[in-house]
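Structure, as structure tokens:
Every number in this text was worked out from the coordinates using simple rules, so none of it is lab data. Quick caveat, the model's predicted, so the values are computed rather than measured. All Cβ positions, glycine included, derive from the backbone under ideal geometry; neighbour counts span all protein chains shown.
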Amino acid sequence: MAVTQEVNIKCQHCEKIFNDKVYIEVEVNTDKIIANGVVNGDIYKHQCPYCKENTIFLNPITYRDNKKNFIVQSGTDEELKEAKKKFKEEVKYDGFKLYGARTNTEMIERIHELEFGYQPKFCELYKYYVGWAYEKKRLADPKLNYLNTAFIDIDVKGDLVIVLETIKNSGEADYITYPFDPLMYEKYLGQYFNQMKNIDDFVFDLFDVKKIVNFEE
Ligand SMILES: [Zn+2]
């Protein structure tokens, strides 16, 4: 069952305060629609009773998969620290692999990776190399856009993809999408498995990968 809480939300349009229900914990197998809302953002939309406009309120949420035994928690560093403690202490979280997400993009990435059965730290590694290959190409061809960030998502068919966000001269973002290739993932997993097997990946991102890869080179 999804767990909810009443909170005060400030309308982003008329700035009045209203009270609404937010989801703070959801289990994907029993609450499929709400869990989907974590990914497509629907659960963060709250309609203001005064002006009827929607306000986005990104509250921390615990996303749980009782079949695949993982939890993804979103929140600030402080909130994640608290959550991790709670997961360790409460029996109902026993046996779950825990992940934290400091941004909504990271939350969505973790959910997709884990639902597809991939380990987030090796996905970060794979992503790093996709970005690195692009950077090499850009150095040879200065007409190419600057690389801003890389993330994992699903495409319209529901397949896992790696997306590079690049920035045009005009400042607009432009996206390049690569299919997530399980063989490439396996390659990086094999190459770095021993080095990374004991790394705590509760929070683990491209900066952590950089340290590992740079250290090696
Ligand atoms: Zn309003």
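Just in the stretch 1-32: which GluC sites (Glu not before Pro) are loop by DSSP and have at most 12 other Cβ atoms within 10 Å? Could the numbers behind the result be given before it?
On the way: sites: Glu6, Glu15, Glu25, Glu27; in loops: Glu15.
For GluC sites (Glu not before Pro) across the stretch 1-32 that sit outside H, G, I, E and B with at most 12 neighbouring Cβ atoms in 10 Å, the list reads Glu15.
Of the listed peptides 67-78, 147-158, 112-123, what is their order by residue-averaged count of other C-beta atoms within 10 Å, with the highest listed first? Provide the component values of the computation, followed by the final result.
Details: 67-78: 16.6, 147-158: 14.6, 112-123: 20.0.
Per-residue Cβ counts within 10 Å, averaged per peptide and sorted highest first, yield 112-123, 67-78, 147-158.
Please state, to two decimals, what the Cα-based radius of gyration of the stretch 3-115 comes to when divided by 2.2 N^0.38 Å (N = residues). Display every interim value, and only then the final one.
Working: Rg = 14.7 Å, N = 113, 2.2 N^0.38 = 13.3 Å.
Dividing the Cα radius of gyration by 2.2 N^0.38 Å gives 1.11.
Could you grab the relative contact order for the chain? Cα pairs under 8 Å, six or more apart, rounded to a whole percent.
Numbers: 318 pairs, mean separation 26.9, N = 217.
Reported as a whole number, the value is 12 percent.
Using a/c under 1.5 as the rounded threshold, could you call the stretch 136-180 rounded, prolate or oblate? The axes a ≥ b ≥ c are square roots of the C-alpha gyration tensor eigenvalues, and prolate needs a/b larger than b/c, oblate otherwise. Don't jump to the answer; show the numbers that get you there.
Working: a/c = 3.03, a/b = 1.87, b/c = 1.61.
Prolate shape, in that a/c is at least 1.5 and a/b is the bigger ratio.
Which value in deg cm²/dmol, rounded to the nearest 500, describes the helix-derived mean residue ellipticity at 222 nm for the chain, given -39,500 (n - 2.57) per DSSP H run of n ≥ 4 and division by the residue count? Don't skip to the answer; put the middle values down first.
Numbers: 6 runs with 81 residues, N = 217.
So the calculated ellipticity at 222 nm is -12000 deg cm²/dmol.
Would you mind checking the tilt of helix 104-115 against the longest principal axis of the Cα atoms of the chain, expressed as 0 to 90 degrees and rounded to 10?
Approximately 70 degrees, to the nearest 10.
State the Cα centre-to-centre distance between the stretch 64-81 and the stretch 165-215 in whole Å.
Cα centroid to Cα centroid, the span is 20 Å.
At a threshold of 8 angstrom on Cα-Cα distance, excluding pairs fewer than six apart, so keeping six or more, what relative contact order does the stretch 3-115 reach in percent?
20
Which of rounded, prolate, oblate describes the stretch 54-143, given a ≥ b ≥ c as roots of the alpha-carbon gyration tensor eigenvalues and a/c under 1.5 marking rounded, otherwise prolate only if a/b is larger than b/c? Walk me through the numbers before you get to the answer.
Working: a/c = 2.68, a/b = 1.85, b/c = 1.44.
The shape class here is prolate.
Return one number: the angle in degrees, 0 to 90 and rounded to the nearest 10, between the long axis of the Cα atoms of helix 206-216 and the longest principal axis of the Cα atoms of the chain.
30
In terms of Cα to Cα distance under 23 Å, which lysines are near enough to Lys10, apart from those fewer than 8 places away along the same chain?
By straight Cα distance, Lys10 reaches Lys21, Lys45, Lys52.
What does the C-alpha gyration tensor say about the overall shape of the chain? Classify as rounded when a/c is under 1.5, otherwise prolate if a/b is larger than b/c, or oblate. Kindly include the intermediate steps, with their values, before the conclusion.
Details: a/c = 2.12, a/b = 1.32, b/c = 1.61.
Here the chain falls in the oblate category.
Among the aspartates and glutamates, select those whose C-alpha is under 14 Å from the C-alpha of Lys127, and discard any that sit fewer than 8 residues away in the same chain.
Cα-Cα hits under 14 Å: Glu106, Glu109, Glu113, Glu135, Asp153, Glu165, Asp181, Glu186, Asp205, Asp208.
Would you mind telling me the antiparallel percentage of the DSSP bridges in the stretch 1-157, rounded to 5?
Working: 15 of 23 bridges.
Counting DSSP beta bridges with both partners in the stretch 1-157, the antiparallel share is about 65 percent.
For every other residue with a beta carbon closer than 9 angstrom to the beta carbon of Leu144, add +1 if it is Lys or Arg and -1 if Asp or Glu, then tell me the sum.
Values: positive: Lys137, Arg138, Lys143; negative: Asp141.
Combined, the nearby Lys, Arg, Asp and Glu give +2.
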